[in-house]
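Engineer: This structure is in structure tokens; I'll ask about it shortly.
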Amino acid sequence: MYIEELERLNEFRKKGIISQAEFDAQKSKILKQSDEEKIRDKNITNNSQQQNKKKMAQQAYQKTESTLSWIIPFDTIIAGVLNTIFATTIFGVIGMGLCFADRQGLKKRGIEISGWRCLLAPTYLYKRAILLKEPMTKFWTWFVALFAAIVFMLAMESAGIGVSAPDCNAGETTKVLREIFQEQQITIKKIGNIYGLPGGDSKNKLCSADITYTSMFDNGTERIKYKSMVVKDSSGSYRHYVEVVGE
């Protein structure tokens, strides 16, 4: 377009219709307009590219947020499957961490959810679904996961899986040892140097202890071996028992 305009003006100059000065002025004006339009087009292109990049980054971030929020309900069932206090604590902390991370992501998008809701995951998932106008799928999934975790834990307990013998130095073991010797009219003054011995299985742990005692016959210290174990009684509950097995 600008080239055609310049060629037309040049023809007018050659025919003497316009002077050289007029030609130069018109030429300068046309070239200036051309440069301005190029800069404007470049700015439009750059803005468009930046908007596309921002849109792609936002879509990726929203996808990450969605993944984080899906992990929260399944964190419950993982803790239940592992079925230990340590695992429950660790995965509880992980679940709250994921919740707070998801909350921060929503906050950057101008969506505010109270931090206390992360202490109780279903309330957070419920509020999240309301604000984002999403289905309550994640909210109900949390309850399904909780139910599945409880069923799994009960099944494990019924099968005796995950039930292990108490530690040798457990306070309950010391208490039971005192009761055993008291029945033999032996008063234990001190139980010390308790440690585990090779042998035993998941429900029976072989232990050793130095026991200082007094009895109606004599005083002394002797080393005894005992089993610290759990036994399933008639009610179906697992209880702690101790069996002295010798010196």
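Engineer: Just rank TYR241, TYR124, fewest to most, by other beta-carbon atoms within 10 angstrom.
Structural biologist: So the residues, fewest neighbours to most, are TYR241, TYR124.
Engineer: Using the count of nearby Cβ atoms within 10 Å as a rough guide to exposure, how do ILE94, ILE39 rank from fewest to most?
Structural biologist: ILE39, ILE94
Engineer: Mind listing the long-range amide H neighbours of ILE224? Cut-off is under 5 Å, sequence gap 5 or more, other chains count too, H placed in the peptide plane at 1.01 Å from N.
Structural biologist: Under 5 Å from the amide H of ILE224 lie the amide H atoms of ALA209, ILE211, each far enough along the sequence or on another chain.
Engineer: Sort ASP210, ASP218 so that the residue with the fewest other Cβ atoms within 10 Å of its own Cβ comes first and the one with the most comes last.
Structural biologist: The fewest-first ordering by Cβ neighbours comes to ASP218, ASP210.
Engineer: How much length is gained if the chain between THR221 and VAL144 is pulled fully straight, taking 0.36 nm per residue apart and subtracting their Cα-Cα distance, in nm to one decimal?
Structural biologist: Once the chain is fully extended between THR221 and VAL144, it gains 22.1 nm.
Engineer: If you don't mind, another one. According to a simple spin-label model (label point 7 Å from Cα along Cα-to-Cβ), what is the distance in nm between GLU243 and LYS29?
Structural biologist: 11.1 nm
Engineer: Once you've got the Cα coordinates, tell me which of LYS190/LYS227; LYS14/LYS42; LYS107/LYS138 are over 29 Å apart.
Structural biologist: Over 29 Å apart, Cα to Cα: LYS14/LYS42.
All of the numbers you see were taken from the coordinates with simple rules; none came from a lab. The shown structure was predicted, so the numbers you read here are calculated from the model rather than taken from an experiment. Cβ: placed from backbone, ideal geometry, glycine included. Neighbour counts: every protein chain shown.
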